[in-house]
There are 2 protein chains.
Amino acid sequence: MQAALAIIGEDLKQVEQQFRKDLQSDVPLIRKVGEYVLSSGGKRVRPALLLLAARLAGYTGDKAVPLASVIEFVHTATLLHDDVVDSATLRRGLASANTLWGNEASVLVGDFLFSKSFSLMVGVGSLDILRVLSDATTVIAEGEVMQLLCTGELDLTEERYINVIRSKTAILMSAACEAGAILGAVPQKQQEALADFGMDLGIAFQLMDDILDYVATEEEFGKSIGHDLEEGKITLPLIHTLKKCSDSERAVISAVVEQDEMSLDDFRAVSGLVKEYGGIAYTVAAANFYINRCKSHLDLFPSSPVREALLSLSEYVVTRSK
Amino acid sequence: MQAALAIIGEDLKQVEQQFRKDLQSDVPLIRKVGEYVLSSGGKRVRPALLLLAARLAGYTGDKAVPLASVIEFVHTATLLHDDVVDSATLRRGLASANTLWGNEASVLVGDFLFSKSFSLMVGVGSLDILRVLSDATTVIAEGEVMQLLCTGELDLTEERYINVIRSKTAILMSAACEAGAILGAVPQKQQEALADFGMDLGIAFQLMDDILDYVATEEEFGKSIGHDLEEGKITLPLIHTLKKCSDSERAVISAVVEQDEMSLDDFRAVSGLVKEYGGIAYTVAAANFYINRCKSHLDLFPSSPVREALLSLSEYVVTRSK
């Protein structure tokens with residue numbers, strides 16, 4: 001993130017100020033919940049992607065900062081709804097908004113952030129950007145429903161799983177990059193390259209996130225370890241393990257996945273199998289594949305500090321769990 | 001509704017076909033939940049308002065039908081989220097979507113319909129209409145949060161209450177009418193008149209809806225009687241009663257409002273007081289006030305069958321509970 005911060009650090013500070021402004025509402029609870037979630041330690045990867053993509057595309061106008069704020073609003077709205085759907089009690093190591101203010105407030109403040117995002121995008125005045133972002137949020141909702149339907153599905157294939165994370169996570173990073181490209185009005189090929197860059201980056205990002213559920217500790221990563229597994233989410237480390245393990249081991253995994261509550265022993269049993277069969281290493285390798293492909297999309301652009309910053313941002317994604 | 005149907009009946013049929021088309025998704029559950037909610041007996045008041053407003057504004061193009069479909073999508077998304085927030089088990093006499101598919105699916109399919117609405121609006125290509133509708137959905141979310149905060153608030157004033165229903169209900173009807181006006185490119189004054197018409201109509205609509213919670217039977221109105229009260233929603237019939245009743249009667253109401261579950265006897269006690277103090281009659285009178293003002297906004301338009309249809313649609317709103 002260092003190279004990125006050196007270039008867009010000032011813009012990112014303005015993005016933070018923009019949040020406060022855009023969260024204005026006559027309803028104090030909206031500001032309260034919104035500020036809580038927005039200020040609880042996100043790394044602003046999506047705004048950074050938008051700002052850097054816009055720079056790479058040669059854009060120097062004043063629309064990148066408000067759009068970068070909008071992208072984080074959309075992301076925050078999905079987090080609020082995700083935590084309701086997943087019954088999450090923690091988010092980045094802090095109590096989740098639904099724990100503090102109830103599911104009702106989380107659903108409705110999420111709706112506010114979603115709607116406000118579109119109001120703000122309309123203010124930017126580009127139908128092309130509106131198209132990219134509204135299509136992205138539609139795909140995200142589809143991805144979330146797909147994920148819900150895949151809950152506890154032990155036969156989930158790697159292909160379908162990648163499709164789920166492309167929809168629920170990667171598409172917004174892709175849209176962030178594409179919006180930056182549209183601001184810069186680069187030719188179609190370069191616009192697509194930036195969209196593809198964001199997509200592959202997003203897939204790798206989610207793969208690394210899925211690994212954290214097996215290897216992180218709560219203090220280190222601010223996310224309740226084993227939570228995906230407890231919720232019956234089948235992610236790549238487990239998909240790989242299920243392909244390799246014996247029938248009796250599969251039965252062990254199945255029993256844990258089907259339980260509503262999971263003990264530490266249950267978690268250890270499954271994570272032990274995941275490590276034994278190389279589920280973590282396999283997923284790291286997959287993430288590296290996507291990150292390498294992600295970087296190659298930038299070959300269309302001449303070398304520059306901004307391109308370097310995007311490359312090192314993508315490197316950061318696959319190293320952050322180590 | 002008869003006069004309206006005579007004029008826009010064919011368009012409304014096309015709107016129904018448009019729903020099917022717009023619900024297309026690779027995720028079958030989205031279509032399933034979406035079709036269930038969309039086909040469970042809504043009266044299409046919002047699409048009708050948009051279609052008639054567009055006609056009154058002289059619009060004859062092909063964008064009114066897709067936009068009318070979008071307005072109902074937005075409305076359906078809010079219903080899905082409302083029922084989660086209110087823990088509703090019934091919607092128009094049928095099992096609510098959250099009862100059938102769980103809160104998770106309702107939250108996410110609602111998000112899909114919201115996002116898809118914006119994608120479809122972008123397709124229509126008018127930034128002005130996008131502005132009106134995205135501002136409206138932002139206000140709706142604010143209104144829903146305000147309502148949540150007013151739960152069990154016995155000191156809620158009539159003024160604040162009207163403000164809540166303006167935000168959570170009336171603004172979308174206003175936006176439907178304004179979008180129709182924008183399609184017809186009428187002068188600013190007429191555009192505002194149509195927006196005001198929708199706003200006053202929407203306030204009266206919600207007032208009549210609030211009455212149903214006290215006087216309807218489940219079979220007649222397809223809505224669980226007493227549900228607002230059980231949820232601690234303070235509506236105008238109760239606000240009026242609280243202003244008039246004795247301290248000991250207020251204590252009775254307070255106890256019922258604060259309970260999580262309400263017996264039929266509890267409901268009868270409160271609805272008895274509401275009738276005794278004229279809460280229903282007061283609310284009907286208020287609805288009539290808004291409907292009369294609503295009609296007056298159309299004075300700016302010359303008499304025509306379309307104007308008559310809008311006037312009789314507004315009449316229908318205040319008579320539907322009788």
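Quick notes on this structure:
- Relative contact order for chain B, counting Cα pairs under 8 Å that sit 6 or more residues apart, in percent: 21 percent
- Computed from Cα positions, the angle between helix B:279-296 and the longest principal axis of chain B comes to roughly 20 degrees.
- Inter-copy label distances for A:Leu127: 1.1 nm (label point placed 7 Å from Cα along Cα→Cβ; shortest first).
- Distance between the 7 Å Cα→Cβ label points at A:Arg293 and B:Glu10: 5.0 nm.
- B versus A: buried accessible surface, summed, Å² (probe 1.4 Å, to nearest 100): 3300 Å²
- Helix A:45-56 and the long axis of chain A differ in direction by around 40°, with both axes built from C-alpha atoms.
- Across the identical copies, the 7 Å label point of A:Gly152, projected outward along Cα→Cβ, sits 3.3 nm from its counterparts, in ascending order.
- Partner chain coverage, peptide B:21-27 - average Cβ within 10 angstrom: 3
- Taking 14 Å as the cut-off, the amide N atoms of segment B:274-292 that come nearer than this to a point 7 Å along the Cα-to-beta-carbon line of B:Ser246 belong to B:277.
- Take the protein assembly as shown with all the other protein chains still there, run a 1.4 Å probe, and you get 38 Å² of accessible area per residue.
- When only Cα pairs below 8 angstrom with a gap of at least 6 residues are kept, segment A:20-95 shows a relative contact order of 28 percent.
- Long-range tail of P(r) for segment A:89-208 (Cα pairs > 21 Å, %): 51 percent
- Most tightly packed first, judged by the mean number of other beta-carbon atoms within 10 Å of their residues, the peptides B:301-308, B:83-90 read B:83-90, B:301-308.
- FRET efficiency estimate (nearest 0.05) - Cβ-Cβ, B:Ala281 to A:Asp128, R0 56 angstrom: 0.55
- Tail fraction, Cα-Cα pairs, chain A, threshold 27 Å, whole percent: 43 percent
- Computed from point charges on the beta carbon alone (+1 for Lys and Arg, -1 for Asp and Glu), the dipole magnitude for the protein assembly as shown about its Cα centre is near 1980 Debye.
- Under 18 Å from the Cα of A:Lys189 - lysines, other chains or at least 8 residues apart: A:Lys295
- Sorted from closest to farthest, the other copies place their A:Arg250 label points 6.8 nm away, with each point set 7 Å from Cα along Cα→Cβ.
- Mean ellipticity per residue at 222 nm, deg cm²/dmol - from DSSP H runs of n ≥ 4 across chain B, formula -39500 (n - 2.57): -24500 deg cm²/dmol
- When chain B is treated as a Gaussian network with alpha carbon springs shorter than 10 Å, the biggest mean-square fluctuation among B:Val186, B:Val74, B:Val257 belongs to B:Val186.
- Zone of B:Ser312's modelled label, taken as backbone nitrogen in segment B:7-25 under 16 Å from a point 7 Å along Cα→Cβ: B:7-10
- Among B:Gly184, B:Leu310, A:Met208 the positive-end extreme of the charge dipole of the protein assembly as shown (Cβ point charges): B:Gly184
- Note that segment A:173-178 has calculated 3J(HN,Hα) couplings of 5, 4, 5, 4, 5, 5 Hz, one per residue in order, obtained from phi through the Karplus relation 6.51 cos²θ - 1.76 cosθ + 1.60 (θ = phi - 60°); glycine and proline are x.
- Dipole of the protein assembly as shown, positive end: most advanced residue of B:Val132, A:Leu108, B:Thr76 [Cβ charges, Cα centre]: B:Val132
- Surface share of carbon and sulfur [accessible, 1.4 angstrom probe, percent] for chain B: 50 percent
The values are calculated or read from the model by the stated rules, or taken from the named source; none is laboratory data. Here the structure is a predicted model, which is why all the values come from computation and not from measurement. Glycine gets a Cβ as well: all are built from the backbone with ideal geometry, and neighbour counts include every protein chain shown. Heads up: the accessible areas ignore ligands, DNA and RNA and are worked out on the full protein's heavy atoms, side chains in. Shrake-Rupley method; radii C 1.70, N 1.55, O 1.52, S 1.80 Å.
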